[in-house]
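Quick note: the coordinates plus some simple rules give every number you see, no bench work behind them. Values in this document were obtained by computation on a predicted structure and should not be read as measured data. Don't worry about glycine lacking a Cβ; one is built from the backbone with ideal geometry, like all the others, and counts go over all protein chains shown.
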Amino acid sequence: MMKRRQWLLGAASAPLLAAQAAPVAESGPSRGSGDLGVVVARARGALALVDTSHRSVLATIEGLGDLSHASVVFSRDGGTAYVFGRDGALTQVNLLERRIERRVMQAGNSIGGAISQDGTLVAAQNYTPGGIKVFDARTLELVADIPAEFAPGQRSRVVGLVDVPGNRFVFSLFDADAIWVADLSDRTRPQLTKIENVGRQPYDALVTPDGRHYIAGLFGEDGLALVDLWDEPWRARRILAGYGRGEQPLPVYKMPHLRGWAVAGRHAYLPAIGRHEVLVVDTQSWQEVDRIAVAGQPVFVMARPDGRQVWVNFAVPDYDRVQVIDTLTRRVQRTLEPGKAVLHMEFTPRGEAVWISSRDANRVSVIDTQRFTTLAQLEVDAPSGVFFTSRAARTGF
């Protein structure tokens, strides 16, 4: 079931309603931004600015607040990072000048965000109060406030926010069993479409690399909800009815992050909830075609850019290990132990190396993806998320 209605803006001032050009990079040090990235130093509320060519830490940028569940997106030119803090802060960081440009406390509890296709809008998804807020990417002034009110006086926590083509944002309402699409192609007249009864408790979501399929995991039932954004009117259909905790429910130590799904060729590799398996799914039929036994409960399942390998990390008690799956044989080809409490992995743009954060070891390891040798180890205080500016050119990242 789908409802469409125009969203009326009350929070934005008139000058902000005018269409604006994409941000222009200011003058700065004479270097590019294509080999830059950030590592979240969650214990000290800071970012480590890193250089992926020289495998080094260039600077530490302090003062970003609670980064216990932080995520980062980048401007189109790769010169600006937008950091979404758990405390509800949205921080604009100039990577070339190595400093904070702007910072707004936009919510009480926030777990991520997205940047629009044209790079002019940044959206934050919020638990408290439930909803999304959309900001001008240059000034961080509020453009739209969209509360996730699904019944009078009741707001849902928002999860699974992604950007899709057309300056649209798609997100899931955990407490309302719904998926909403906010169209800001005309920022003066945003349009909101509600897709209801998608399945119980969507807990995270992703969009396929082409921007076509939005897929939400369902915590309240086995299966997934899929919306084909190329096929209007939009509706959600259930896929992979056996996906989830399976025939015998097992304790879930950490929810898998669907944004870390691997799409390699025509197959997707999914972390099974609470199970020691990676599921292989045909992205044409959305049917399961295989299961791969792995060392523990997968959290992130990520594909090397060429699709030849899939790298997997795990929840406790197996979170000191990373396994590498060969996508031709669909078998684990290597098990690595880069350090205790592996939280995140990020491939360099062309995939010759992967950066792996080990929180309890206070380091980031750079691993050669062909030889599996350690190329460098960087000291970072309790590192978690690793984000490279190459994400700026990718839908859904």
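List of remarks:
- Gained length - GLN191 relative to ARG291, 0.36 nm times residue gap less alpha-carbon distance: 32.0 nm
- Region 341-397: C-alpha gyration tensor shape, a/c 1.5 cut-off, then a/b vs b/c: oblate
- Gyration tensor verdict on region 307-389 (Cα atoms; rounded if a/c is under 1.5, prolate if a/b is larger than b/c, oblate otherwise): oblate
- Where a label projected 7 Å from the Cα of SER53 along Cα→Cβ would reach, residues of region 365-391 with amide N under 15 Å: 389-390
- Close amide H pairs (under 5 Å, H built 1.01 Å from N) link ALA315 with GLN297, VAL299, residues at least 5 positions away or on another chain.
- Computed from label points 7 Å out along Cα-Cβ, the spacing between GLU141 and ARG308 is 5.1 nm.
- For the chain, a simple Cβ point-charge model (Lys and Arg +1, Asp and Glu -1, everything else neutral) yields a dipole of about 100 debye relative to the Cα centre.
- Length gained on full extension, ARG200 to ASP381: 61.4 nm, using 0.36 nm per residue less the C-alpha separation.
- Cβ-derived FRET efficiency at R0 51 Å, ALA241 paired with ARG98, nearest 0.05: 0.55
- Note, ³J(HN,Hα) from phi for region 106-122, Karplus 6.51, -1.76, 1.60, rounded to Hz, x at Gly and Pro: 9, 7, x, 7, 10, 10, x, x, 7, 10, 6, 4, 8, x, 9, 10, 10
- Highest-MSF residue in the chain out of ALA341, ALA148, ALA241 [GNM, Cα springs under 10 Å]: ALA241
- 5 angstrom amide H check on LYS340, placed H, neighbours 5+ away: ALA361
- The alpha carbon gyration tensor of the chain gives principal lengths a ≥ b ≥ c with a/c of 1.5 or higher and a/b no greater than b/c, which makes the shape oblate.
- Inter-part distance where region 201-241 and region 110-139 are each reduced to a Cα centre, Å: 21 Å
- Summarising the label geometry, the points placed 7 Å from Cα in the beta-carbon direction at ARG44 and ASP66 lie 2.1 nm from one another.
- Highest mobility in the GNM of the chain, judged by mean-square fluctuation with C-alpha springs under 10 Å and restricted to ALA151, ALA382, ALA216, is found for ALA151.
- The amide H of THR80, built 1.01 Å from its N in the peptide plane, has SER75, LEU95 as neighbours under 5 Å, considering only residues 5 or more places off or on other chains.
- For the chain, the relative contact order works out to 13 percent when only alpha carbon pairs closer than 8 Å and six or more residues apart are counted.
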